[in-house]
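Step one of this worksheet: look at the structure below.
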């Protein structure tokens with residue numbers, strides 16, 4: 001008996017194989033196309049920018065005027081003059097003042113300060129040269145007050161006045177005569193101040209310390225005026241008794257320091273006048289530098305008329 005043929009099983013259709021081969025070929029084809037392609041960066045940025053505008057991204061609006069008073073340091077400020085306030089606020093103001101003016105002002109102030117310092121140093125050195133011996137002995141001290149532009153010549157009681165007296169010693173009187181020659185050539189007002197300690201005095205000659213201090217300062221002034229070199233209008237006399245002590249009156253040494261006569265040379269007014277003259281010279285020089293004359297070369301072409309009229313700007317045109 002013959003065997004029956006096996007039953008054929010259903011399989012994949014034949015067209016599927018052809019379709020799979022076609023898809024593989026298409027994939028390889030597009031991969032090759034992608035590998036050969038290039039991306040244009042400029043076109044990509046242009047397309048991205050157009051898309052950002054189209055989808056409502058905010059644009060930069062140009063300002064018509066540049067705001068004044070802004071600062072990259074502070075992000076919160078109110079444009080107002082800086083005045084003391086209880087609230088911690090940051091305020092700024094704008095100014096039309098040119099930096100050149102501020103530079104000129106600072107230069108002028110520096111020049112004035114330098115001139116005042118030089119004048120004070122020169123005057124102090126001249127006085128110390130004359131009073132060198134008395135300074136070494138401790139009878140006189142010379143100090144300079146830079147803030148008030150003054151020179152203070154402090155005469156101690158030792159070697160100048162006997163105790164409780166307003167009579168000058170012979171040696172100190174000669175020293176004052178030499179000092180008068182220096183003070184005559186030195187500008188400024190002269191003030192002679194007399195000082196005492198806190199121990200009251202009451203004699204037939206002096207009723208109180210006020211009389212003693214005034215008499216001592218007057219005695220010094222009389223010697224300064226004796227030579228005629230110092231003008232009386234420059235001189236003033238003052239008695240202060242014990243109202244302005246150098247140190248507290250607690251011992252004999254401290255009281256001796258308070259008994260003194262001070263000759264004060266005030267250089268503030270001469271320095272102020274000198275500063276005004278210097279300021280005027282600097283400002284005048286600045287104005288002359290700003291006055292610039294515009295001179296342009298003029299070329300006359302052959303055949304043109306030399307009698308030309310100036311135009312509205314004041315320049316002669318040809």
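Every number in this text was worked out from the coordinates using simple rules, so none of it is lab data. A quick note: this is a predicted structure, and the numbers were derived from the prediction, not measured. Here the Cβ positions follow ideal geometry from the backbone for every residue, glycine too, while neighbour counts run over all protein chains shown.
One table, with the values for the structure above:
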read-out	value
Nearest-0.05 FRET efficiency for residue 12 and residue 46, computed from C-beta distance (R0 51 Å)	0.50
Label-point separation in nm, residue 35 to residue 283, each point 7 Å along Cα→Cβ	8.7
Sequence of 189, 43, 144 once ranked by neighbouring C-beta atoms within 10 Å, starting from the fewest	43, 189, 144
FRET efficiency, residue 171 to residue 132 (Cβ-Cβ, R0 22 Å, nearest 0.05)	0.90
Exposure proxy order (Cβ contacts within 10 Å, fewest to most) of 202, 126, 255	202, 126, 255
Pairwise centroid distance, computed over Cα atoms, of region 196-223 with region 116-152, Å	26
Dmax and Rg, reported as Rg then Dmax, of region 157-229 (C-alpha, Å)	13.3, 40
Two-site FRET efficiency, residue 148 against residue 227, from Cβ-Cβ distance with R₀ of 41 Å, rounded to 0.05	0.90
Computed Kirkwood radius, in angstrom, where 1/r is averaged over Cα pairs of region 107-272	16.5
Proxy reagent accessibility, fewest Cβ within 10 Å first, across 139, 246	246, 139
